[in-house]
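The values are calculated or read from the model by the stated rules, or taken from the named source; none is laboratory data. Fair warning: this is a prediction, and the values are worked out from it, not measured in the lab. Every residue, glycine as well, gets a Cβ built from its backbone with ideal geometry; the counts of neighbours run over all protein chains shown.
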Amino acid sequence: MTNIQPTELQSILESDSAAQLLDVRTPAEHSQIHVPGVHLIPLDRLDGAQLAASGGFLKAKPVYILCQSGGRAKQAATKLEQSGFEKCSVVEGGTSAWAAAGLPVNRGASRVISLERQVRIAAGFLVFTGVILSQIVNPAFIWLSGFVGAGLIFAGATDWCGMGMLIARMPWNQGSSCSSK
């Protein structure tokens, strides 16, 4: 796995319009903003063998992977490399960095809150609920807050967030299609 800056990828796209671009965010995030020509397959649905068979991606050709900021793209690159993809490149900073660099994007009408913000909202709500319930109902509810805190520490240390994976599967984060070119 290698890393590539958005501006480097833009240079590659200018000379190779058939470059393999993969977006592993949720359909809702993708519909809000995405890089033109990117193929959408959310991380939780990504299957390297299926991508090669039905997605038309070639295992020997570089695959440039984007997500919102880079974490999910790294997980996707690992998955693809385990499936035999030889040249996976994670776009540093993801779609956020691409847009911040002033590179072309397609914007939709969707105004869904980003997955990262949804996770922060859910974690904060659970911690707050645990504290309130521990004061009003039973002191043992403080363990809810502790459990969420431990989960956040684990997510920060491993770059894998179970709560994020669960929230990504919620109906408001799903779209009618998993492909956009």
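If you check residue 89 against the conditions, is it out of contact with any Phe, Trp or Tyr (no Cβ under 9 Å at 6 or more places or on another chain) and among the polar types (S, T, N, Q)?
No; evaluated as a whole, the condition is false for this residue.
Looking at 76, 49, can you tell me which residue is modelled with pLDDT under 90 and either in contact with a helix residue (DSSP H, G or I) (Cβ under 9 Å, 6 or more places away or on another chain) or farther than 23 Å from residue 100 by Cβ (or both)? Give the derivation first.
On the way: 76 fails: modelled with pLDDT under 90.
After ruling out the rest, the residue left standing is 49.
Considering 23, 16, which residue is without any contact (Cβ under 8 Å) to a residue 12 or more places away in the chain and acidic (Asp, Glu)?
The match here is 16.
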For this session: With the checklist (1) closer than 21 Å to residue 106 by Cβ; (2) under 11 Å from the mean Cα position of the chain (by Cα) in hand, flag the one item residue 31 doesn't pass.
Result: (2)
Exercise. Is there a residue in region 96-104 that is outside the structural domain of residue 165 (by TED's automatic domain parsing), at pLDDT below 90 and of a type in the set (Gly, Ala, Ser)?
Worked result: no
Exercise. Does any residue in region 50-69 that is of a type in the set (Lys, Arg) come within less than 8 Å, Cβ to Cβ, of a residue that is outside any helix (DSSP H, G or I) six or more places away or on a different chain, and which pairs are these?
Worked result: 59/83; 59/84; 59/85; 59/86; 61/20; 61/87
Exercise. What are the residues in region 111-150 that are more than 24 Å from residue 34 (Cα to Cα) and either in contact (Cβ under 8 Å) with a residue 60 or more places away in the chain or polar (S, T, N, Q) (or both), if any?
Worked result: 129, 134, 135, 138, 145
Problem set entry | Positions within region 20-48 being in contact with a Lys or Arg (Cβ under 8 Å, 6 or more places away or on another chain), more than 16 Å from residue 74 (Cα to Cα) and of a type in the set (A, V, I, L, M, F, W, C), in sequence order | 33, 38
Exercise. Of the numbered conditions (1) modelled with pLDDT of 90 or more; (2) surrounded by fewer than 18 Cβ atoms within 10 Å (Cβ to Cβ); (3) out of contact with any helix residue (DSSP H, G or I) (no Cβ under 7 Å at 6 or more places or on another chain), residue 56 satisfies every one except a single condition; which is it?
Worked result: (1)
